Every structure is written in structure tokens, then in C-alpha cells.
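The values are calculated or read from the model by the stated rules, or taken from the named source; none is laboratory data. Note that the structure is predicted; figures quoted are calculated from it, not measured. Don't worry about glycine lacking a Cβ; one is built from the backbone with ideal geometry, like all the others, and counts go over all protein chains shown.
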Amino acid sequence: MAEKRSSLRSQQREFTRARFIDAGLETFEEVGFHDATIDMITKRAGANRSTFYLHFKDKTDLMLAANERISPERKDTMRMINEMDDPSFKVFRAWIDRMARDWEEDHKIYEAIVQAQLTEPSIAQKNYEVVCDDLTGYLSRFKGKKRDEAANRLQMFMMQFEMFFYTTICECAETPSSLALDTLADLGLYTLFYKTRN
């Protein structure tokens, strides 16, 4: 009986935590990371501040916890790199197009994530670690120092396309031009696969 009560408490705790994460993501999407407050999040979750602080230190801690819940589609898109062995420009360009579509569809939450990353290094580091976890198939092709170099190149490319999409889609509310996406594909193809278009 005591074990059942413990299990129910644990389930309740997980449910409450998940409710805060959902409320946090909705709030970040609505007003951005910087303008979101704990009061906004707790009100949306139907809870109080003291309950929030049982689960999270602050909104940065909540964003870190939410990382795994953000855009499963984006994770699926990122993982496509694991299947690319020697991609043609056409294949890699199609991947860039899919990334651009993901950003356009979920631009509000991506905007909040980039805002958070720019001011909270722990969030930027966590996002990078998640990407490396998602791309273990790609990174497993490299050993020792070469793997560290590959992970570094991956991080550099991620920063390039995130800032490009953030500036174009979020800040300027524009659809990236075909020429710009071609250039991004050229950069990624060379950075990740040491290939050029021709």
C-alpha cells in the first residue's frame, strides 16, 4: 500500500512538472523568453510560485528541462544527417529546405530559444549537447581527435544556420531566398562532409 502511495506521488510530481513545462513553452512562444515571468507560467499552469520552485530554480532551469520536449519534428530533421554518408548537393539542399520549413512553422518557439541561448550559456550548451546526442550516428564515423573536430564543425554550422534563420525568419519576418539557402547548403556540405557542389 505504501509503495502504491509512493508511486501515485511520483506520478503526480511528474504530471505537475510536465504541466509547468507545457505552460513555460506556451508562455515563451507567446511573449518570448526575456518577457516571460514565473507568474505568467504559474498562472497558465494553474499552480502557484511555491509549487513552481519545488520543480525548477527559475525559468532558465525550466527551459533546460523543456529541451527534450521542443519540436520532435526538428529532432527528426536533425537526425537525417546520421543517414547521410556522401550526400549530393541536391540531397543536402533538400535537408536545408526542411530545416527552413521547421523554423517557419515553429518560429516563435525558436525565437525564444535563441533569445535564451544568447543570454544563458547553460541553455546554449544544453542545446549543443542534445544535437550531439541526436547525431551520434554522424559523429561515430570519427575517432579520437577527429571526433572532437567533427563535433566542433557541427557546432559551428549549427550556429551559422540558427543565426541565419533567426535573423531572416524571426527578426525580419522573411522567407529565406533560394540563393541564401543554396549558400547555406554549400557551407554545410563542406563543413560536415568536406564536399563542394561541383
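General observations
- Residue check for Asp39: charged (D, E, K, R), at pLDDT below 95 and either surrounded by 14 or more Cβ atoms within 10 Å (Cβ to Cβ) or out of contact with any Leu (no Cβ under 8 Å at 6 or more places or on another chain) (or both): no
- Flag for Glu174 being in the same structural domain as Ile81 (by TED's automatic domain parsing), farther than 25 Å from Asp61 by Cα, surrounded by fewer than 16 Cβ atoms within 10 Å (Cβ to Cβ) and of a type outside the set (Val, Ile, Thr): yes
- Residue within region 104-126 that is of a type in the set (A, V, I, L, M), in contact (Cβ under 8 Å) with a residue 40 or more places away in the chain, under 25 Å from Phe142 (Cβ atoms) and part of a helix (DSSP H, G or I) present: no
- Looking across region 55-82, the residues that are more than 24 Å from Asp133 (Cα to Cα) and touching a residue at least 12 places away in the same chain (Cβ under 8 Å) come down to His55, Asp58.
- Candidate set from region 1-24 (those that are modelled with pLDDT of 90 or more and aliphatic (A, V, I, L, M)); member that is surrounded by the fewest Cβ atoms within 10 Å (Cβ to Cβ): Ala18
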